[in-house]
1. Name the single residue, out of those in segment 62-92 being touching a residue at least 24 places away in the same chain (Cβ under 8 Å), assigned to a loop (DSSP other than H, G, I, E, B) and not aliphatic (A, V, I, L, M), that is surrounded by the fewest Cβ atoms within 10 Å (Cβ to Cβ).
2. Considering only segment 85-103, I want to know if a residue exists there that is modelled with pLDDT under 90 and hydrophobic (A, V, I, L, M, F, W, C).
3. Among what's in segment 116-158 and is in contact with a Pro (Cβ under 9 Å, 6 or more places away or on another chain) and β-branched (V, I, T), pick the residue that is surrounded by the fewest Cβ atoms within 10 Å (Cβ to Cβ).
Amino acid sequence: MREHRCKCLIPRLVLVSVFTLCVVGHTVAWGQGNEQQKAKAVAKKVEKKAERSERAEGKDDLVDDRVKVKTGADGKPVIEQKGEASFYGKDFHGKKTASGEKFNQNEDTAAHPTLPLGSKAKVTNLENGKSVNVKINDRGPYAKGRDIDLSKKAAKDIGLDKEGAAPVKIEAKIPSTKAGKQIDKKSKGLPPR
């Protein structure tokens, strides 16, 4: 009798295992689809702002602003933007950012008008190829025609500290929904800088 129960149990275990793998696989694929949709929605906002910025640049345009969503090496969506970068003035050091953190000009952080706070971004100077990884923790820049403001340290790392502005490529990974909500709650709708 025990043998009979074992023979019946094995097909059931196989069936349950296959079902579980299907459900887990579908959930993972569904989550990746949501990430892709979220990235496309964010990219659309970034693109609209970049278009307004591009018009404001006039003859001071350093690069043709472009925005697209691509897939990173880890399979997650990356928002790529080409535009102009500048850096924060020292007057902002120690002041509260839109994320609620104090701005530290000696850390690798940046201000972006539309990327979600908490996003991680690789910023590459298109004139010299130097890159830096930053965390978006503030809103800005407010200078006409600029797409991202870097901290003094981040600007120095890519050779931007002497120029004042440079054409850059921004490759941003947006934070998970949970992380983004925590940052939004922390900022409590505070106005930027």
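1. G75
2. No, the conditions are met nowhere in segment 85-103.
3. Of everything passing the filter in segment 116-158, I148 is surrounded by the fewest Cβ atoms within 10 Å (Cβ to Cβ).
Yes/no matrix, rows are residues, columns are (1) modelled with pLDDT under 85; (2) in contact with a Ser or Thr (Cβ under 9 Å, 6 or more places away or on another chain):
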position: R2; (1), (2): yes, no
position: G25; (1), (2): yes, no
position: N34; (1), (2): no, yes
position: A50; (1), (2): yes, yes
position: G83; (1), (2): no, yes
position: E107; (1), (2): no, yes
position: T114; (1), (2): no, no
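The values are calculated or read from the model by the stated rules, or taken from the named source; none is laboratory data. Values in this document were obtained by computation on a predicted structure and should not be read as measured data. Here Cβ is always computed from backbone atoms with ideal geometry, including for glycine, and neighbour counts include all displayed protein chains.
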